[in-house]
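The values are calculated or read from the model by the stated rules, or taken from the named source; none is laboratory data. Keep in mind it's a predicted model, so treat the numbers as computed, not measured. Here the Cβ is made from the backbone with ideal geometry for all residues, glycine too, and neighbour counts use every protein chain on show. Accessible surface areas use protein heavy atoms only, side chains included; no ligands, DNA or RNA. Shrake-Rupley method; radii C 1.70, N 1.55, O 1.52, S 1.80 Å.
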Amino acid sequence: MLAAKLGLDKGQLGTLLLCFALGAIVLMVNVGRISDRFSGSYALSLGGSLVFGLAILMIPFVDGLVMVGALVLLAGAAFGTLDVSMNIEASDIERATERHLMSSFHALFSIGNIVGASVVGFLASYGGGLRECLGGAGILVLLSALSTRFVARSDGKQQSRATDTGATDSQATLNRSQTLLVLLFGVVAFLAFLAEGGIMDWSAVYMVDTLGSSESVGAYAFAIFAAAMAIGRLLGDGVTKRIGHVNVLRFGGLVCALSLSTMLIGNSVEISMAVLALCGFGVANMIPAVFASAGRIGSRAAGRAMSIVTTMRYSGLLLGPALLGFVAQVSSLTVSLGLVTLAFALISLGTLYLKRRLSQFHKQTQTSESFA
């Protein structure tokens, strides 16, 4: 819609997408430090939501690539702020309540994607344009953000990071052991999002171009994957409580790697449909497990830990589709999906080392291993 309104070619559209990514990454890198310094992330979440809603609300009402690019850059920065601060908030709530909740929070994100895509499709089918779609989305974001002012907040949750160690938030830093563990979880986030993005962007193309299915079947395949992810996240907190975050990563990576291998070998539309459902369940709780673990490891420096894993995760989402597309161009889409399979296998194998490092960390800090 945006490209049609402004008459953009693919290169100009790519520039706008780059503006969004640039704004997001710059804030993702820095917002955790700000959150740790000022004892909480609610204000950052609220501010990010309001700016994001205003930016996307205004995009349909401006003309010219420069003005739109500036708004897209601002929207990206707000999104980066919101992404990190929301996950810090979720981590604080988990630690304050001593419950596994991260997967449920991310399930709402998945459900929002499905509902949003459905609403946009409905509006477009009845003649809705950019103003109706982006304008309506902006208003909805603003109303949702403002509604949080009426939700009672517990001071204990806001102060959980400050009271963990008895030090002030302005002194919050990650030590060497914490930094190593957070970076390891960041690598997992990078691989998981690279692989997840690869499935989302290329599974339908694989169904149509390689297996010869219709475009509608390809669309259904994507829907099956997205729905399985949402269901998996709704069930994820109970699963995580029983087997722990590291095992969620290990078994999820193993399920996805074996399933995708079966799809590539089986060369069947029916098998591919079943495989995508399994992959949706397998990948569903990887990112929630990474965020929950990073927040707990970071403790009162949870903001810095969350910034690291969020930036590495987003880098995987940015680089993944481009890398897989290049590989598909010079070889085949089967090879590209083979790289996705390899990424899942590396996640599963990497948890063996990650588990050992976590055990050493828990012994050093004498913290509970219930979230490991």
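Of note:
- Share of carbon and sulfur in the accessible heavy-atom surface of region 65-153 [1.4 Å probe, %]: 71 percent
- Point-to-point label distance, Asp209-His362, nm (Cα→Cβ direction, 7 Å offset): 4.5 nm
- Per residue, region 1-126 exposes 49 Å² of solvent-accessible protein surface, assessed with a 1.4 angstrom probe and all protein chains in place.
- Per residue solvent-accessible surface (Å²) - region 203-328, probe of 1.4 Å: 37 Å²
- Accessible surface comparison of Arg304, Arg95, Arg356, probe 1.4 Å, protein chains only, largest first: the order is Arg356, Arg304, Arg95.
- Our Cα-only numbers for the chain put the radius of gyration and Dmax at 20.8, 62 Å.
- Theoretical FRET efficiency, 1/(1+(r/R0)^6), r = Cβ-Cβ of Tyr220 and Val26, R0 56 Å, to 0.05: 0.90
- Model label sites at Leu352 and Ala274, defined 7 Å from Cα along the beta-carbon direction, differ in position by 2.9 nm.
- Extension gain (nm, one decimal) between Leu319 and Leu143, 0.36 nm per residue minus Cα-Cα: 60.0 nm
- Computed over protein heavy atoms with a 1.4 Å probe, the carbon and sulfur contribution to the accessible area of region 232-372 reaches 65%.
- With R₀ fixed at 41 Å, the C-beta to C-beta distance from Val335 to Ser118 puts the FRET efficiency at about 0.80.
- Comparing region 17-81 with the 2.2 N^0.38 Å rule of thumb, its C-alpha radius of gyration ratio is 1.16 (two decimals).
- Probe 1.4 Å - accessible area at Phe61, Å² to nearest ten: 120 Å²
- Each residue of region 260-271 was assigned a 3J(HN,Hα) from its phi angle through the Karplus expression (A = 6.51, B = -1.76, C = 1.60, θ = phi - 60°), giving 5, 4, 5, 5, 5, 7, x, 6, 9, 5, 5, 4 Hz with x at Gly and Pro.
- Net length gained if the chain between Glu132 and Val66 were fully extended (0.36 nm per residue, minus Cα distance): 21.5 nm
- A probe of 1.4 angstrom, applied to the heavy atoms of all protein chains, finds Val275 with accessible area near 10 square angstrom.
- FRET efficiency, Phe326 to Phe109 (Cβ-Cβ, R0 22 Å, nearest 0.05): 0.15
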